[in-house]
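Each value in this text was obtained by applying a stated rule to the coordinates, not by laboratory testing. What you are looking at is a predicted structure, and each value in this text was computed from that prediction instead of being measured. Note: ideal-geometry Cβ built from the backbone for every residue, glycine included; neighbour counts use all protein chains shown.
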């Protein structure tokens, strides 16, 4: 079996796990929002944080490792192959949005929603809107990366 194809398969599997988890996380969040139940929102964000630890972080790490391995095995330049370069830039944008904005917001939301005395809907809605914005950036960027990787438009 061709080693390049094995690297590529592992890269695709990591992408599936990564994209699946970040996509379903938004679904869970919007379901909790619709419930208008403070404790459900707290539990949902605790679960999102755990899912990020169990699925998102390991899969994105493997995605990068297997992507680099695939490129090296296929003798593809990371800088001179535009769809690889822009794919990597999209993953970096996602990582920056996730680590600098989404993660702190999730922690703030858990803290707020876990405390019935401190919880105010207007505070949650402000945090939620910010999470929606930065979560969208962190989610859309990897989808752009996968489009570039599959279509290779450049």
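Each helix, a run of at least 4 DSSP H residues, gives -39500 (n - 2.57); summed and divided by the residues of the chain, these come to -27500 deg cm²/dmol at 222 nm.
Sorted fewest first by neighbouring Cβ atoms within 10 angstrom, 38, 53 come out as 53, 38. Using only alpha carbons, the chain has a radius of gyration to Kirkwood radius ratio (Rg to Rh) of 1.07. Here 43, 52 are placed in order of increasing Cβ neighbour count within 10 Å, fewest first, which gives 43, 52. Sorting 110, 137, 91 from the fewest to the most surrounding beta carbons within 10 angstrom yields 137, 110, 91. Under a Gaussian network description of the chain, with springs only between Cα atoms under 10 Å, the residue in 133, 76, 63 that fluctuates furthest is 76.
With contacts taken as Cα pairs under 8 Å and at least 6 residues apart, the chain reaches a relative contact order of 32 percent.
Fully extending the segment from residue 40 to residue 95 would add 17.1 nm, taking 0.36 nm per residue of separation and subtracting the current Cα-Cα distance. Say we join alpha carbon atoms closer than 10 Å with springs in a Gaussian network model of the chain; which of 136, 44, 81 then has the biggest fluctuation? Ranking 136, 44, 81 by mean-square fluctuation puts 81 first. Given springs between every Cα pair under 10 Å in a Gaussian network model of the chain, which of 30, 45, 98 has the largest fluctuation? In the Gaussian network model the winner is 30. A straight chain from residue 31 to residue 75 at 0.36 nm per residue would run longer than the Cα-Cα distance by 11.4 nm.
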